[in-house]
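Visitor: Structure incoming, see below.
What follows is calculated from the coordinates using simple rules that are stated; it is not laboratory data. Note that this is a predicted model, so its numbers are computed, not measured. In this analysis, Cβ positions are derived from the backbone assuming ideal geometry, glycine residues included, and neighbour counts consider all displayed protein chains.
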Amino acid sequence: MEPTAQSAYRPPIYVLPVIVLAQFCGTSLWFAPNGVMEPLIAAYGLSEQALGHLTAAVQLGFIGGTLVFALLTLADRFSPSRLFLVCALLGALCNAGMVLPGQTLPSLLLLRLATGFFLAGIYPVGMKIASDYYREGLGTSLGYLVGALVLGTALPHLLRWGQFSPAWETVVGITSGLAAVGGMCIAFLPDGPYHKPMPVLDTKTMMRVFQNREFQAAAFGYFGHMWELYTLWAFVPVLLAMHPEAGSQGFISLWSFLILAIGGPACVLAGYLARVRGEKNVARLALIASGVCCLLVPFALAWDLPYFLAFLLFWGAVVIADSPLFSTLVARNAPPDSKGTALTVVTSVGFAITILSLESLSALRTLWEGPAGFSLLVLGPVLGVFALWRSVK
């Protein structure tokens, strides 16, 4: 039963840590194996091109999975906690399948594609579970969730740094085990008090959620944010290597980890700031700051190394800080019985945009070498700010 305004429902103190832990463990399937893809490919005697194919397979699987989940409204018609559990266990099995002997490129691609598909029942569904428990302070709660995702994203760079380099089979086994543990942790949480199940299948829900003007603003702001985010993350090692004072591969791996990982506490801080300034205002500020960074790249590469590293740390913080705020706005402006579908479809489109952005920048860099091509990323913040401006107007 949904609490009334007078009841001022407060979730038990353990709810948010359990959701954050489960989200981190579940999404480890996504990122941690990327740190051992090279030895995995060597173990099976695959070509160097297989690295890009296997990385892209997870993204494509996730996009396909989110589209299927949104079309069938699974997160709204069924218990999101149980859906999370099932997807975490199936994803763990697909991930663990990579250690079976005799793997070929097609079989590995299929396993990574399936892993990405089941991640569609982990990342957006985890945000749905949080929105079912939190109405006041949802931005803060999602800040912790996205922060956990950011740390998972940065983990492969940490694995490449230092003397600790576990066997790739060990990393795959650990991530599979973590995902299973995360799914079982979330399974003990009952559906939140704000969970309003959709009574019947409605395949038009995926499009109907966009009829709300405020929802449109949040969704298009998120799309602009995603145009910049993953492309920057992918090219952070490239940017570090472009600086004339850059050091060894270990130096680049360590600083890549730090530049990505700083986004974790930035998401949490943004969630708390949003309580005072509002989600739109904080998200707009983060978009403007990251947009300015896109334009400063050619100049920053000429700075001394300490200033350049400080610049990248700042960019790494502001580029992700608005992510939980956009998810909050999406959940808040979606119909109560469609929050899961709304979060899933927006996430799906957002990740599809990341592929377009990555390919666009890669193609531009083949035609025009140098740092000026990174200015292409500013299109994302411009779109996001424009979407929020139209909403306010």
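Visitor: For segment 40-86, taking Cα atoms only, what is the radius of gyration to one decimal and the Dmax to the nearest whole Å?
Guide: Taking only Cα atoms of segment 40-86, I get Rg and Dmax of 15.9, 44 Å.
Visitor: Among Cys185, Cys87, which comes first, second and so on when ranked by fewest other beta-carbon atoms within 10 Å? All intermediate terms of the calculation are to be shown ahead of the outcome.
Guide: Details: Cys185 21, Cys87 25.
Exposure proxy ranking, most exposed first: Cys185, Cys87.
Visitor: Under 1.5 on a/c is rounded, so check that first for segment 268-389, then, if it is not, pick prolate when a/b is larger than b/c and oblate when it is not; a ≥ b ≥ c are the square roots of the alpha carbon gyration tensor eigenvalues.
Guide: oblate
Visitor: Using 0.36 nm times the number of residues separating Thr55 and Leu295, minus their current alpha carbon distance, what extension gain do you get?
Guide: On the way: separation 240, 0.36 × 240 = 86.40 nm, distance 2.83 nm.
That works out to 83.6 nm of additional length.
Visitor: Sticking with this structure for a sec: Rounded, prolate or oblate for the chain? Axes are the square roots of the Cα gyration tensor eigenvalues, ordered a ≥ b ≥ c, and the cut-off for rounded is a/c under 1.5.
Guide: oblate
Visitor: May I ask you to compute the full-extension gain from Ile174 to Gln211, defined as 0.36 nm times their residue separation minus their alpha-carbon distance, rounded to one decimal in nm?
Guide: 9.0 nm
Visitor: While we're looking at this one, here's another question. Picking from Thr170, Thr153, Thr328, which is most flexible by a Gaussian network model of the chain using Cα springs under 10 Å?
Guide: It is Thr170.
Visitor: Counting only other residues whose beta carbon sits under 11 Å from that of Ala50, what net charge do I get with K and R as +1, D and E as -1?
Guide: Once all neighbours under 11 Å are counted, the net charge is -1.
Visitor: Magnitude of the Cβ-charge dipole of the chain, K/R +1 and D/E -1, about the Cα centre, nearest 20 debye?
Guide: Once rounded to the nearest 20, the dipole reads 980 debye.
Visitor: Cut-off 10 angstrom, C-alpha nodes, Gaussian network model of the chain. Which of Met98, Met242, Met226 fluctuates the most?
Guide: Met242
Visitor: How much FRET efficiency would the formula 1/(1 + (r/R0)^6) give for Phe386 and Ile13, where r is the Cβ-Cβ distance and R0 is 51 Å, rounded to 0.05?
Guide: For Phe386 and Ile13, the calculated efficiency is 0.80.
Visitor: Determine the distance separating the Cα centre of segment 273-312 from the Cα centre of segment 141-161; give it in Å without decimals.
Guide: Cα centroid of segment 273-312 versus Cα centroid of segment 141-161: 19 Å apart.
Visitor: I would also like to ask the following. Calculate the translational D of segment 124-281 in whole µm² s⁻¹ from Stokes-Einstein, where the hydrodynamic radius comes from the Kirkwood formula applied to all Cα pairs, the temperature is 25 °C and the viscosity 0.890 mPa s.
Guide: Rounded, D is 131 µm²/s.
Visitor: Between Ala310 and Phe251, what FRET efficiency follows from the Cβ-Cβ distance if R0 is 22 Å, with the result rounded to 0.05?
Guide: Using R0 = 22 Å, I get an efficiency of 0.90.
Visitor: Most exposed first by the Cβ proxy, i.e. fewest other Cβ within 10 Å, how do Phe326, Phe78 rank?
Guide: With the sparsest Cβ surroundings first, the list reads Phe78, Phe326.
Visitor: Moving on to the next point. What residue among Ala302, Ala217, Ala331 shows peak mean-square fluctuation when the chain is described by a Gaussian network model with Cα springs under 10 Å?
Guide: Per the Cα network of the chain with a 10 Å cutoff, Ala302 tops the list.
Visitor: Kindly count the pairs of lysines across the chain whose alpha carbons are less than 17 Å apart, treating pairs on different chains or eight or more residues apart as eligible. Walk me through the numbers before you get to the answer.
Guide: Working: Lys128/Lys196; Lys128/Lys339; Lys196/Lys339; Lys204/Lys339; Lys280/Lys393.
Number of lysine pairs found: 5.
Visitor: By the gyration tensor of its Cα atoms, with a ≥ b ≥ c the square roots of the eigenvalues, what is the shape of segment 131-190: rounded for a/c under 1.5, prolate for a/b over b/c, or oblate? Show your work: numbers first, answer last.
Guide: On the way: a/c = 5.49, a/b = 1.72, b/c = 3.20.
Cα axes put segment 131-190 in the oblate bin.
Visitor: I've got another one for you. Quick one: 3J(HN,Hα) in Hz for segment 180-187, Karplus 6.51/-1.76/1.60 with θ = phi - 60°, rounded, Gly and Pro as x.
Guide: 5, 4, x, x, 5, 4, 6, 5
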